[in-house]
1. Can you name the condition, by its number, that Val129 falls short on among (1) in contact with a helix residue (DSSP H, G or I) (Cβ under 7 Å, 6 or more places away or on another chain); (2) surrounded by 22 or more Cβ atoms within 10 Å (Cβ to Cβ); (3) not small (Gly, Ala, Ser)?
2. Evaluate the following for Leu88: is it of a type outside the set (Phe, Trp, Tyr), crowded, with 19+ Cβ neighbours inside 10 Å and part of a strand (DSSP E or B)?
3. Being over 29 Å from the mean Cα position of the chain (by Cα), in a helix (DSSP H, G or I) and surrounded by fewer than 14 Cβ atoms within 10 Å (Cβ to Cβ), is that true of even one residue in the range 99-122?
4. What pairs come up if the first residue lies in the range 164-192 and is in contact (Cβ under 8 Å) with a residue 60 or more places away in the chain, the second is among the aromatic types (Phe, Trp, Tyr) and not in a loop (DSSP other than H, G, I, E, B), and their beta carbons are under 7 Å apart, counting only those six or more places apart or on different chains?
5. Just the residues that are assigned to a loop (DSSP other than H, G, I, E, B), surrounded by fewer than 20 Cβ atoms within 10 Å (Cβ to Cβ) and in contact (Cβ under 8 Å) with a residue 40 or more places away in the chain, please, taken from the range 465-487.
6. What about Glu191, is it farther than 30 Å from Thr55 by Cβ, of a type in the set (Asp, Glu) and at pLDDT below 95?
7. Mind checking which residues of the range 265-299 are touching a residue at least 24 places away in the same chain (Cβ under 8 Å) and assigned to a helix (DSSP H, G or I)?
8. Which ones in the range 177-204 are under 12 Å from Leu75 (Cα atoms) and part of a helix (DSSP H, G or I)?
Amino acid sequence: MRSRLTVWHGGPVWVSKDERTTALAARDGKVIAHGDEAIALIADAADVIDLAGRTLLPGFGDGHAHPVFGGIETLFAPMRGHETLEDLLAAVKKYADDNPHVSIVRGEGYDPSLAPRGEFDAAWLDAIVPDRPVVLRAMDYHTAWVNTKALELASITATTPQPSDGEITLRPDGTPMGTLREWGAWGLIYEKLEPLTSAQRMQAITAASDAFAAAGVTWAQDAWVEPDIMETWIAGAKAGALTFRANLAWLAEPEGKWRETLPTFDRMRARVDAEAPDFLTAGTVKFFADGILEGGTAAVLEDYCDCPNKGIPNWTREELIEAVAAVVAAGYQPHIHAIGDAGIRNALDAMENARKVHGEIINPVIAHSQLIDPADLPRFKELDVIANFEPLWAQLANEQVVLTIPRLGEDRGNRQYPMATLLHSGTKMSFGSDWPVTSPVPMEGIGVAITRQTDAGLPAEGWVPSERLTLDEALSAYTAGTAVQAGETHLWGDLRIGKRADVVLMDCDIHAVEPLAVRKVGVVGTWLGGVRVFG
Ligand SMILES: [Zn+2]
């Protein structure tokens with residue numbers, strides 16, 4: 001990507017955690033000068049941006065997101081922002097009534113805390129849409145809520161056996177309730193849905209680009225790619241619709257399915273490299289070691305408090321170890337979703353084995369790292385595993401108070417997201433959003449990482465205040481930390497000379513605002529390789 005000479009001056013330029021300057025110049029997509037040397041180029045510059053005291057940052061790297069899912073949400077019934085079950089149902093009914101030609105009513109992103117224990121009944125949907133299947137997925141993307149027609153579509157009945165990697169929630173009389181947990185359960189329905197049309201693909205990728213450009217995100221790890229999603233990425237890149245770069249992670253599935261798909265990863269990777277080399281890489285494989293704590297599907301070492309079980313490890317420890325070793329041997333970076341302390345232990349065991357067998361592993365990542373057994377904390381650094389966190393989650397919001405902490409109990413509940421403990425022990429750390437699970441805006445997550453408070457400033461001293469980070473530590477995790485995860489520190493992650501001119505202009509001096517106000521700081525300009533893509 002080539003661009004003209006641009007100079008930004010007149011405000012704080014945050015080069016990296018350890019370096020500031022007062023001006024920045026970029027030519028042909030790369031940073032070429034700092035400070036007075038940059039200011040000396042103003043006379044020749046095609047674009048001169050007056051920072052007016054506002055902070056200039058490196059573009060954010062989102063270490064774990066689902067950009068295409070985020071874009072796809074805009075295609076279906078609007079699920080976000082409803083504060084009661086009644087409002088949510090009214091939105092589904094309105095969408096169904098307004099779209100009589102849609103044969104399956106879909107929606108992505110409902111709030112699972114709107115029903116007790118996150119259990120929603122098919123009958124509630126039958127009452128408003130009796131004639132067509134309704135298939136809704138929760139904002140956690142691990143849970144679905146469907147009506148009776150949808151259960152019939154997948155032939156799910158009282159006699160359907162429970163999948164090993166999911167749960168068909170049952171009513172007391174043994175009939176399927178309509179809430180389906182994890183892929184093993186709702187996949188039975190999702191595999192019956194039509195693939196997206198090419199117009200829908202473009203709408204999704206454009207919506208994702210718009211969301212990330214406005215948030216200042218210039219790189220993202222897509223943490224769940226199957227062939228259909230890959231087609232969407234390639235189509236978007238070829239059409240020039242992307243305003244950020246991305247690395248794709250191929251989904252590896254348990255029960256031996258990964259053995260069949262592993263050879264296809266090489267073919268798909270070759271296509272990405274050939275067809276979208278400027279925007280996409282595809283060197284990662286994603287595993288779900290377990291589910292989620294708020295759904296009771298994360299694998300935990302001790303029983304949940306509210307029901308005597310230890311969640312769902314989607315993989316047996318032995319198969320996860322074998323599969324991670326195989327993808328490492330094939331030259332892929334392992335990226336393992338692991339949330340419960342048992343899931344995280346299995347993931348660490350798999351990384352340890354792969355290191356033993358192969359020596360080198362490309363930047364191994366454990367994503368979410370939510371509940372770590374104290375005995376496993378030092379293993380992240382020992383095994384050189386990157387701990388990826390979604391910092392926005394480290395607050396006592398509804399899903400913690402209503403769903404997660406009641407399942408874990410206070411003691412375990414307060415051990416979630418030990419970000420400062422890991423960082424200060426020398427563990428590599430990256431940040432991400434998991435968008436569309438939660439907001440794609442990095443400053444919102446950074447604001448939580450430094451306060452561990454809700455928007456309302458609660459609790460006053462922060463939730464486990466010893467785990468708060470400094471603003472510079474949090475910024476670094478969302479820039480340099482993600483570049484380490486991407487294996488691209490030579491290209492981006494800071495604004496040193498020679499790096500890509502991926503930069504973001506904030507609406508104020510971010511070091512001058514109160515910690516609780518940091519999450520509200522806006523983005524007024526985003527540049528990818530020196531080309532303005534937002535503002
Ligand atoms: Zn995710």
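1. (2)
2. No; evaluated as a whole, the condition is false for this residue.
3. No, the conditions are met nowhere in the range 99-122.
4. Cβ pairs passing all conditions: Asp165/Trp183; Gly166/Trp183; Thr179/Trp145.
5. Within the range 465-487, Gly487 is the sole residue that qualifies.
6. The answer is yes for Glu191.
7. Matches in the range 265-299: Phe265, Asp266, Met268, Arg271, Val272, Glu275.
8. Ala199, Gln200, Arg201, Met202, Gln203, Ala204 - these are the residues of the range 177-204 that are under 12 Å from Leu75 (Cα atoms) and part of a helix (DSSP H, G or I).
The values are calculated or read from the model by the stated rules, or taken from the named source; none is laboratory data. All of these numbers come straight from a predicted model, not from anything done at the bench. Every residue, glycine among them, receives a Cβ derived from its backbone with ideal geometry; neighbour counts consider all protein chains shown.
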